[in-house]
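Before any comments, here is the structure.
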Amino acid sequence: MPPEDEPSAGLAELAAGVRRGEKLAVARALNLVEDRRAVARERVAELLDHLREESPRGHRVGLTGPPGVGKSTLAAALARTLRERERTVGVVAVDPSSVRSGGALLGDRARMGFDPRDAGVFVRSLATGGEAGGLSWATHAAVLVLAAAYELVLVETTGVGQTETDVRHVADTVALVVQPGSGDVLQFLKAGVMEIPDVLVVNKADHAELAQRAVSDLRGALRTAASAGAGQDLPIVPTSATGGTGLGELVDALDAHRAALAPDLGARRREGEVAWALQLFARQHGEHGVTTLGGRRALEATIAAALDEAAPPLVASRLGDRYLDALRADGTATRGTPAARDDAPELARTRTS
Ligand SMILES: Nc1nc2c(ncn2[C@@H]2O[C@H](COP(=O)(O)OP(=O)(O)O)[C@@H](O)[C@H]2O)c(=O)[nH]1
Ligand SMILES: [Mg+2]
């Protein structure tokens with residue numbers, strides 16, 4: 001039975017399989033995540049609800065940075081290093097559909113070299129399907145699914161800007177990957193355009209001299225940023241994903257960040273959940289929706305309270321219902337709500353009562 005036809009009752013079972021780290025269950029959950037239909041998204045929302053019942057969960061690590069710096073190669077190399085340390089790992093890579101041909105190849109690159117019978121590693125690439133300018137719903141949900149199954153989740157996202165900001169909503173640790181000679185990143189960091197990541201990775205460090213220059217340039221940029229009050233003791237780790245150097249050091253740096261974060265982890269995740277729920281609601285109902293329900297501040301507080309009971313997509317969906325009710329009470333419902341954007345999860349149902 002294809003997962004999209006699975007009755008709701010099966011979702012608790014599916015969630016249990018995911019939590020046990022059963023590959024088949026994880027694969028089915030991710031198929032559901034990739035299904036863009038509204039009915040599938042409602043099921044995913046419910047699945048995420050089941051999955052968040054149990055904690056603690058896997059360490060979620062975002063690998064972000066410009067195209068071509070070696071994120072996919074690095075993700076695969078890191079996954080191998082983690083397996084050598086007998087830790088389980090899930091990898092989700094985002095392939096922008098606009099570069100489909102290249103994208104499929106990148107997915108294959110990340111998948112390469114793993115024994116399909118190894119239950120401790122799972123690699124999946126997702127098409128982003130037109131959700132430009134931000135982290136897609138599917139990526140976010142996929143990270144949560146993998147984090148329920150594996151000890152560490154790597155999520156590869158391309159680009160700076162909105163995606164880079166959004167990855168913080170779901171990652172505990174954000175590693176920015178650059179390559180030697182990448183002056184753009186330096187400029188962005190200096191100008192404060194780019195959020196300061198938790199770990200900086202200079203990949204392609206097999207170009208030793210260039211890599212050394214890049215590391216000291218980055219230190220300089222960080223000092224500039226630090227004088228503006230951020231990113232003081234950020235670790236900078238040179239790696240060669242193809243040469244296999246620096247990988248242990250990178251795993252250690254990720255672990256160290258997670259350990260240092262421990263007291264604040266719950267708060268950081270809650271902040272990310274609030275931001276995601278608000279974004280889901282705002283994408284679908286726009287500023288009018290936000291204003292109608294009391295403005296951003298008030299909505300954040302409402303969402304934070306609601307998150308005790310439900311995962312972000314369900315919270316966003318319930319807010320959608322509330323907004324539609326408010327419109328109806330206002331006598332404007334007959335004019336309808338703004339059309340849902342293509343990239344918005346179509347979760348809000350019109351009540352028949
Ligand atoms: N010399 C060198 N090349 C690398 C390294 N890591 C990745 N590459 C190459 O860089 C290119 C882009 O890698 P990819 O992982 O697809 O980059 P992504 O776009 O950031 O995911 C590929 O040709 C890789 O083989 C490295 O550590 N050293
Ligand atoms: Mg890639």
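The values are calculated or read from the model by the stated rules, or taken from the named source; none is laboratory data. Predicted model only: the values in this text are computed from it and were never measured. Please note: Cβ atoms are built from the backbone with ideal geometry, for glycine as well, and neighbour counts cover all protein chains shown.
Taken as a whole, the condition of being in a strand (DSSP E or B), under 17 Å from LEU154 (Cα atoms), within 16 Å of ligand 1 (Cβ to nearest atom) and assigned by TED's automatic domain parsing to the domain that holds GLU156 applies to GLY62. For GLU46, indicate whether it is modelled with pLDDT of 85 or more, more than 16 Å from ligand 1 (Cβ to nearest atom) and farther than 22 Å from TRP137 by Cα. The answer is no for GLU46.
Taking residues in segment 31-52 that are in contact (Cβ under 8 Å) with a residue 24 or more places away in the chain, and partners anywhere that are not in a helix (DSSP H, G or I), the pairs with Cβ atoms closer than 6 Å and at least 6 places apart or on different chains are ALA38/GLU346; ARG41/PRO345; ARG41/LEU347; LEU48/ALA311; ASP49/ALA310; ASP49/ALA311; ARG52/ALA311. Among residues of segment 234-252 that are within 22 Å of GLU195 (Cβ to Cβ) and touching a residue at least 60 places away in the same chain (Cβ under 8 Å), those with a Cβ under 8 angstrom from a residue that is among the charged types (D, E, K, R) and surrounded by fewer than 19 Cβ atoms within 10 Å (Cβ to Cβ), sequence gap 6+ or separate chain, pair up as THR239/GLU249.
When restricted to residues that are away from ligand 2 (no atom under 16 Å from the Cβ) and out of contact with any helix residue (DSSP H, G or I) (no Cβ under 8 Å at 6 or more places or on another chain), segment 57-79 contains 0. For segment 254-264, what are the residues that are surrounded by 15 or more Cβ atoms within 10 Å (Cβ to Cβ) and among the aliphatic types (A, V, I, L, M)? Hits for segment 254-264 are LEU254, LEU261.
Just so you know, in segment 80-98 the residues that are assigned to a helix (DSSP H, G or I) and within 20 Å of the chain's Cα centre (by Cα) include one that is modelled with the lowest pLDDT, and it is SER98. Return yes when GLY68 is small (Gly, Ala, Ser), more than 13 Å from VAL143 (Cβ to Cβ) and either within 16 Å of ligand 1 (Cβ to nearest atom) or assigned by TED's automatic domain parsing to the domain that holds GLY181 (or both) and no when it is not. Answer is yes for this residue.
Within segment 9-28, the residues that satisfy the criterion of being among the hydrophobic types (A, V, I, L, M, F, W, C) and either within 22 Å of GLU309 (Cβ to Cβ) or surrounded by fewer than 17 Cβ atoms within 10 Å (Cβ to Cβ) (or both) are ALA9, LEU11, ALA12, LEU14, ALA15, ALA16, VAL18, LEU24, ALA27. Filtered by the rule that a residue be closer than 28 Å to ASN203 by Cβ and among the β-branched types (Val, Ile, Thr), segment 34-69 gives VAL61, THR64, VAL69.
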